[in-house]
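Student: Quick one: structure below, then a few questions.
Derivation of every value follows stated rules applied to the coordinates shown; laboratory data play no part. Because the structure is predicted, anything quoted here is derived from the model rather than measured.
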Amino acid sequence: MGTLISQPRPLVLGIFRRVPLVLVGEGHDRLKGSSFYRPLGGEIEPGESPAQALVREMREELGEEIRVVRQLGELDNRFVFDGRPGWEQVAVLEAEFVAPDAPRVDSIEAEGWNLKWVDPDALDLPLYPDGLADLLRLTSR
């Protein structure tokens, strides 16, 4: 029986586009034996806005400066990962890298994630959190 989670963890995810591609990390659930994609981001710390958290996370994880373009939406994400239940309140922001050539390679290893540019409409793995693919379709330029 899983642990009851009483409050969601505040999270921000950044949508970086090279139309029609989106930058994602490839993750793996060891217990389920399955892989998935998820955009980059991280936890929103107390006192931070989602935009401030995304700027900080990209500086920490990639060493890159970004600018937030707009908020695309919010997702309530309840899941089980590696056998542990989780609950996240996810702010989804569209952002862009300040340097025109950033990130400087097409496949990047960052914080244990293998990052790559993928077409969200032609994925070979699921895109998480649930509802993100629909949100991207609704908010595409």
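Student: Normalised radius of gyration for the chain, please: alpha carbon Rg relative to 2.2 N^0.38 Å, two decimal places.
Tutor: Normalised Rg, Cα atoms only: 1.02.
Student: Now, a different point. Compute the relative contact order of the chain as a whole-number percentage, counting only Cα pairs closer than 8 Å that sit 6 or more residues apart in sequence. Spell out each step's value before the answer.
Tutor: On the way: 263 pairs, mean separation 43.6, N = 141.
Worked out over the chain, it gives 31 percent.
Student: Mind checking the full-extension length gain between residue 82 and residue 134? Use 0.36 nm per residue of separation minus the Cα-Cα distance, one decimal, nm.
Tutor: Working it through step by step, the gained length comes to 16.2 nm.
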